[in-house]
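Report on the structure given below.
The values are calculated or read from the model by the stated rules, or taken from the named source; none is laboratory data. Bear in mind the structure is a predicted one, so any value in this text is a computation, not a measurement. Cβ coordinates were reconstructed from backbone atoms using ideal geometry, including for glycine residues, and neighbour counts include every protein chain displayed.
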Amino acid sequence: MMDWNDEPDRASVEKIINHLRTPVSLDETFDLRVMSAVHGVALAQVDAQHSVSEATEENAAPWWRKKYTVRLSAWSGLALAASIFGIMLIGAKIISRPAAAPVVRTAGIQRPAGLKTVNFILVDESARQVWLVGDFNGWSKKQIPLERAANGRAWTVSIPLSQGRHEYAFIVADENGERWVADPLTPAVEDDFGTTSSIVRVEAAS
Amino acid sequence: MGHGSLSERPDASIVAAVLTGNTDAYGVLVYRYRDAYTRFAAHMLGSLEDADDALQLAFVRAFRNLAQCRDPDKFGSWLYQIVVNECRTLAARRAKRERRMIRSDERMNGASTNHPANEMALHDEIQYALSRLEPAQREAFLLRHVEALSYEEISEITGDGISALKMRVKRATARLRDLLEGVVT
């Protein structure tokens, strides 16, 4: 029983409440925006776990596998470099060099064992076409198109990726042409030319 | 959304799926609770844009802390606590801003062009009266009468005692009646 039922003017209160009970809906892109953010959090968590495990491995490593920072003065640095160069010259004469392994370049996405499906989402309602590019496909532009979601504002694609760290970005084509877009939801990295890309770290497939 | 049979499963099962790495499964929970909590947030904050912010923050916070949901069968109640807290935080942060009334624009279901002008005016009057309530009273009133929760449920969500909640609801009801006297008959 409602609290105002004993009151003489409960009809007016009921009218207020009924009015307030009118359903209210959010933008139809709400789910996609939340899930974009959630995937960003999930990727960041994976990234953090990876960093922790790397630090743990580093700490557990024997002394000869640990990384050390050595500070040298300019003169002592030059002397050390000259020594190393000399040792290398001698070594090159003594040790016969094995034949270099052939370099094999694979077009498209690499597919070694232990792949894990990764979802990529970009919300951009002005885009006419979106592609995914990354080190996993040699940054080749038109190999991995994203599909427009039913609401027309978000673009998604799921691809299998091997374990480890990958850099990627989106190419967005709209009425102004094509532009490079880093994923706003994942950690970014800038190359020597000032281009920003994104980082995804893939855990081992379970 | 295309979540297949997952959408039929209870909250606890979906929470378990998310915690074992199926991030997409969380979309089922978002879809399941989005509309149910939007109305409360919109009325609490007086703006659909703010409600959108609060709900988005709440869903992301819930995902981030999902492992701390001690009773996954009651995920909805746990999420409600987070939504209420996000609304309180946003309301406090924006208290100095001009209090905005919910606009009866095309983004509001049931308040579109089908409503006659006097209904629109009534809607705005009620929203304005609601915005004049103290936040704690508005929160208790909305949860009790608009969202139809029991006092026990409200107490669990807000952390407030039942006696205090009853008092707030009573005062909010009386205040609304006074503010809307002559408008709602």
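The single residue among B:L29, B:L48 that is within 9 Å of another protein chain (Cβ to nearest Cβ) and of a type in the set (A, V, I, L, M) turns out to be B:L48.
Restricting attention to the stretch B:166-183, does a residue exist that is modelled with pLDDT of 95 or more, part of a loop (DSSP other than H, G, I, E, B) and over 18 Å from the mean Cα position of the chain (by Cα)? Scanning the stretch B:166-183, I find no residue that is modelled with pLDDT of 95 or more, part of a loop (DSSP other than H, G, I, E, B) and over 18 Å from the mean Cα position of the chain (by Cα), so the answer is no.
Checking each residue in the stretch A:189-206 for being in a strand (DSSP E or B) and over 16 Å from A:W139 (Cα atoms) picks out A:R201, A:V202.
Any residue at all in the stretch B:53-69 that's out of contact with any His (no Cβ under 8 Å at 6 or more places or on another chain), more than 12 Å from chain A (Cβ to nearest Cβ) and part of a helix (DSSP H, G or I)? Lay out the reasoning, then the answer.
Step one: filter the stretch B:53-69 for residues out of contact with any His (no Cβ under 8 Å at 6 or more places or on another chain), giving B:53-69.
Adding the requirement that they be more than 12 Å from chain A (Cβ to nearest Cβ) leaves B:68-69.
Imposing the further condition that a residue be part of a helix (DSSP H, G or I) reduces the set to B:68.
Checking the stretch B:53-69: at least one residue is out of contact with any His (no Cβ under 8 Å at 6 or more places or on another chain), more than 12 Å from chain A (Cβ to nearest Cβ) and part of a helix (DSSP H, G or I).
Here B:A12 does not fit the description of being part of a helix (DSSP H, G or I), free of Cβ contacts under 8 Å to residues at least 12 places away in the same chain, more than 10 Å from chain A (Cβ to nearest Cβ) and of a type outside the set (S, T, Y). For the stretch A:136-147, check the following and say yes or no: at least one residue is over 16 Å from A:V200 (Cα atoms), among the hydroxyl-bearing types (S, T, Y) and not in a strand (DSSP E or B). Yes, there is a match, as at least one residue in the stretch A:136-147 is over 16 Å from A:V200 (Cα atoms), among the hydroxyl-bearing types (S, T, Y) and not in a strand (DSSP E or B). Annotation note: Cβ proximity below 6 Å between a residue of the stretch A:21-50 that is among the aromatic types (F, W, Y) and a residue that is at pLDDT 85 or above and in a helix (DSSP H, G or I) (sequence gap 6+ or interchain) occurs for no pair.
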